[in-house]
1. Counting just the residues of the stretch 185-201 that are away from ligand 1 (no atom under 14 Å from the Cβ) and under 21 Å from residue 133 (Cα atoms), which one comes out surrounded by the most Cβ atoms within 10 Å (Cβ to Cβ)?
2. Return the residues of the stretch 202-218 that are crowded, with 18+ Cβ neighbours inside 10 Å and touching a residue at least 60 places away in the same chain (Cβ under 8 Å); say none if nothing qualifies.
3. Which strands (runs of 3 or more DSSP E) does the stretch 131-238 wholly contain that include 2 or more residues that are closer than 30 Å to residue 307 by Cα?
4. Could you say whether any residue in the stretch 245-253 is part of a helix (DSSP H, G or I), assigned by the TED database to the domain that holds residue 39, surrounded by 24 or more Cβ atoms within 10 Å (Cβ to Cβ) and away from ligand 1 (no atom under 16 Å from the Cβ)?
5. Would a scan of the stretch 482-504 turn up a residue that is outside the structural domain of residue 356 (by the TED database), out of contact with any strand residue (DSSP E or B) (no Cβ under 9 Å at 6 or more places or on another chain), within 16 Å of ligand 1 (Cβ to nearest atom) and assigned to a loop (DSSP other than H, G, I, E, B)?
6. Determine whether the stretch 100-107 contains at least one residue that is away from ligand 1 (no atom under 16 Å from the Cβ) and out of contact with any helix residue (DSSP H, G or I) (no Cβ under 7 Å at 6 or more places or on another chain).
7. Only one of 378, 340, 366, 309 is surrounded by fewer than 24 Cβ atoms within 10 Å (Cβ to Cβ), within 16 Å of ligand 1 (Cβ to nearest atom), in the same structural domain as residue 50 (by the TED database) and in contact (Cβ under 8 Å) with a residue 24 or more places away in the chain; which?
8. Which count do you get for residues in the stretch 254-281 that are in contact (Cβ under 8 Å) with a residue 12 or more places away in the chain, away from ligand 2 (no atom under 16 Å from the Cβ) and assigned to a loop (DSSP other than H, G, I, E, B)?
Ligand code: NG6
Ligand code: CA
């Protein structure tokens, strides 16, 4: 008995001190880092100052300078729902149909029991939360019961807390859902939504454009709420309606209380998913008109403020040093995405696309190549850049490895452990990644910089008026991104063998 006591009192603390000194990876019990994953919406590779953006983003730049700025990291898809699906499940979303951009009343796309990033973190003892945009569907096969208990949702797939925009800012219902319920809903004024026909007597953007604070350009001309017409019709729910101008401030406050309510002994994992800079771009009055680049520029300033406010709060709580902060985006940039907000007219010298071809929705690089930053002052030396090929789908396996929890590789089958890449210990990242454009056209990019775009008959431009090249062509395309990062010279005809080799490699992944 005495011997056992001796081991516990003397040897165990001694080991803990040693492991803390040797780096906290081993020291899971005493010094596990918190994790704040800031996932932004439609932020392009060139939208951030340190990536070449003209609009100042001092807080995001400082975050990058405090850790590693990745220059070759990708979202797995060029639209939101599939990128989020892949990020959270470690499975490429295109493996099954029905995981494209989700309608506002879609059922839960990630079913309870599926392996997820938050479940991995939870198994490792983290308190987990999601705040901000969801867009992964809610509820059973029939979709969400807006007036009752909304389930399944984030709480059924590994999150302990959730405060979300159910779909997007431009889709009804325009209400927040906290855990299982709509916030502030009056039971005498229930909500109904429809995406097929007009319901209720709210004016629509189509009939009453004079009531709008921002005109629609394509789609987005149904129910007017807060002066903005949306995708879909909504009846009722007056007391629960959000004010778009308050999104950023509300999410920051919710994040602060999530962090404040942390357990003294357990670290937290917060998936902080901003609405900025998706449409409708409606900055708070503190930011409106501040950049000279119109609303799109102003919500970039607002996004930068958000990051600064979160960092300040971590400092204030003495948590910054031992919190891993990751910053990235779900897909590439778009200018006119449904509202006349002068995004193109007021660009000036700011180039969200960073001279890459395509954009949101596209198979070309600007669709999925995104800013990616990691900072962990306690462990990662500042001031680094990394050219490692990295995909967001790898976060699940990387954190599972770090936490030593293991994960269900039959489920999260596309996720690879690249923890050492994230820690800046190597730039040997992935051998190859698969990118998905809208409508499931797949591309394959190798670490040597070759990109194969599979044939597609869908036409060269996004059909509904967004001025973005899809990158779709009926014949296979091949680019050498090292020599031709703008994907101007299709070298497929010159290198038929390489085309068929890359096609085979892609098919192998598809048929895995
Ligand atoms: C498109 C919308 C676009 C945006 C996008 C989803 C139209 C014409 N366009 O269908 O405005 O909402 O879906 O964006 O309706 S994402 O970033 O959430 O994928
Ligand atoms: Ca998006």
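1. 193
2. Scanning the stretch 202-218 gives 214, 216.
3. The strands (runs of 3 or more DSSP E) meeting that bar are 161-165.
4. yes
5. Checked the stretch 482-504: no residue is outside the structural domain of residue 356 (by the TED database), out of contact with any strand residue (DSSP E or B) (no Cβ under 9 Å at 6 or more places or on another chain), within 16 Å of ligand 1 (Cβ to nearest atom) and assigned to a loop (DSSP other than H, G, I, E, B).
6. Let us first name the residues in the stretch 100-107 that are away from ligand 1 (no atom under 16 Å from the Cβ), namely 107.
Retained after the next criterion (residues that are out of contact with any helix residue (DSSP H, G or I) (no Cβ under 7 Å at 6 or more places or on another chain)): 107.
So far as the stretch 100-107 goes, yes, one or more of its residues are away from ligand 1 (no atom under 16 Å from the Cβ) and out of contact with any helix residue (DSSP H, G or I) (no Cβ under 7 Å at 6 or more places or on another chain).
7. On the way: 378 fails: within 16 Å of ligand 1 (Cβ to nearest atom); 366 fails: surrounded by fewer than 24 Cβ atoms within 10 Å (Cβ to Cβ); 309 fails: within 16 Å of ligand 1 (Cβ to nearest atom).
After ruling out the rest, the residue left standing is 340.
8. The number of residues fulfilling the criteria is 4.
The values are calculated or read from the model by the stated rules, or taken from the named source; none is laboratory data. The structure presented is a predicted model; accordingly, all values stated were derived computationally and were not measured. Backbone-built Cβ (ideal geometry, glycine too); neighbour counts: all protein chains shown.
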